[in-house]
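Presented below is the structure to which this report refers.
The values are calculated or read from the model by the stated rules, or taken from the named source; none is laboratory data. Remember, it's a predicted structure, so these values are computed and weren't measured experimentally. Using ideal geometry, Cβ is built from the backbone for each residue, glycine included, and neighbour counts are taken over all protein chains shown.
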Amino acid sequence: MIDPVDRHRLVYRWDLDKTYLRTEFDTVRDWVRTAFETARDKQTVPGAGALLREIRGADPFGIYIVSGSPEQLRRVLEAKLRLDGVRWDGLVLKPQLTNILRGRFRFIKEQIAYKLGAMLETRAQLPADTEEMMFGDDAEADALIYCLYADLAAGRVTPALFMRVLESAGAYPDAITRLVRLAEQIARGGRTRRIFIHLDRVSNVDAFTDLGTRVCTFHNYFQPAMVLMRHGALDPLSVVRVGGELLAEHGFTPDALVASLGDLARRGQIGGGDVHQLASYLARTDDSTLGPASRQLRVFAELLSADAVREAPEPPDDVIPEIDYLAFFAKDRLRAKAVKRRAMGKDPRGED
């Protein structure tokens, strides 16, 4: 039986670009267009706003956003989040201009030291028994960053290994010294329950299996909503609201939602008991509660009652693997380059 989280000591960490926002930055033209977009121009990944609103409604300890977007976009990004009805507790953006003026041009593309620094600084201010859920994407190294952060907080990564990873990532020497010191000072305790990775680049899920079941890749936001329900972080109504928005506003079908649950069950992220919990809630809830997508949600419930996913076994307890971070970093860098080339219309091997 899964140990439910204590929502009031649960912290969420979110990335923005390609996790929450539909952002393209593969070319100079993409960067220029992104820089001049208004808050209303920016497009939210379907279901992301709905899920963040439901998370806030569940009264967590905090929601902290760390983005690689430059500090100069703060006003626009904050306006966009407010337009979506999202409330947050911290928003860290990258001080690009400051580092450029210092001649630190490598900082522009470097993400590992930057994000880890922001997360460790926040962690130093949180209670030792804090539990965390994290959201990122497959465009860069979010899975690696979040796992490394979680293992640092749990005391599973030595300062020497941390230093070697930062050196491999191209971090500046003074940043390495600061981060190693920060990692040694944070309180040990709590745990990271799930690391959700949005497959914006449609990476192969097998690319992340070395990181264990703590990492849950997902194709749409109905999937993490369901996993959060399993952990006791959300109620069934919140899952239904996320699914309902996907159905009513983003062209999803009831079959697609059922298939999403089947995918989670095959990967050991949910079990038949979780499916029964959601189906039972739908069966006893009236249409006025289900909202504009009530008819489609009824079809979803009927499909769910007949689908084999309802008999999925209970997933085994998570086993946190001993991750070879240096090897995974090298492999993940190749994966990220390949999917970027594919997104730009080039052969994954780098040929036009």
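Numbers at a glance
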item	result
Pairs where the first residue, in segment 264-279, is touching a residue at least 40 places away in the same chain (Cβ under 8 Å) and in a helix (DSSP H, G or I) and the second is surrounded by fewer than 17 Cβ atoms within 10 Å (Cβ to Cβ) and of a type in the set (K, R), C-beta under 7 Å, 6+ apart	none
Selection status of A139, modelled with pLDDT under 95, of a type in the set (A, V, I, L, M, F, W, C), buried (at least 16 other Cβ atoms within 10 Å of the Cβ) and not in a helix (DSSP H, G or I)	yes
Residue count, segment 179-213 (criterion: crowded, with 22+ Cβ neighbours inside 10 Å and among the charged types (D, E, K, R))	2
Test: L148 is surrounded by 14 or more Cβ atoms within 10 Å (Cβ to Cβ), under 15 Å from the mean Cα position of the chain (by Cα), more than 17 Å from T19 (Cβ to Cβ) and not charged (D, E, K, R)	yes
Residue satisfying all of: in segment 306-340; surrounded by 13 or more Cβ atoms within 10 Å (Cβ to Cβ) and of a type in the set (G, A, S); farthest from A283 (Cα to Cα) among these	A338
Residue within segment 285-296 that is in contact with a helix residue (DSSP H, G or I) (Cβ under 7 Å, 6 or more places away or on another chain), within 28 Å of P4 (Cα to Cα), surrounded by 15 or more Cβ atoms within 10 Å (Cβ to Cβ) and of a type outside the set (K, R) present	yes
Of the criteria (1) part of a helix (DSSP H, G or I); (2) in contact with an Asp or Glu (Cβ under 7 Å, 6 or more places away or on another chain), which one I323 fails	(1)
Conditions (1) within 19 Å of Q223 (Cβ to Cβ); (2) more than 25 Å from the chain's Cα centre (by Cα); (3) polar (S, T, N, Q): number failed by Q277	(2)
Residue satisfying all of: in segment 149-174; assigned to a helix (DSSP H, G or I) and of a type in the set (D, E, K, R); modelled with the lowest pLDDT among these	D174
Selection count, segment 122-136, where residues are among the acidic types (D, E) and either crowded, with 16+ Cβ neighbours inside 10 Å or outside the structural domain of R335 (by TED's automatic domain parsing) (or both)	2
Filter pass, R230 being within 26 Å of R284 (Cβ to Cβ) and either assigned by TED's automatic domain parsing to the domain that holds Y146 or in contact (Cβ under 8 Å) with a residue 12 or more places away in the chain (or both)	yes
Enumeration of residues in segment 318-333 that are among the charged types (D, E, K, R) and within 21 Å of the chain's Cα centre (by Cα)	D318, K331, D332, R333
Residue match in segment 305-312 (condition: modelled with pLDDT of 85 or more, over 24 Å from M163 (Cα atoms) and outside any helix (DSSP H, G or I))	yes
Boolean, F252 is touching a Leu at 6+ places or on another chain (Cβ under 7 Å), surrounded by 14 or more Cβ atoms within 10 Å (Cβ to Cβ) and not in a helix (DSSP H, G or I)	yes
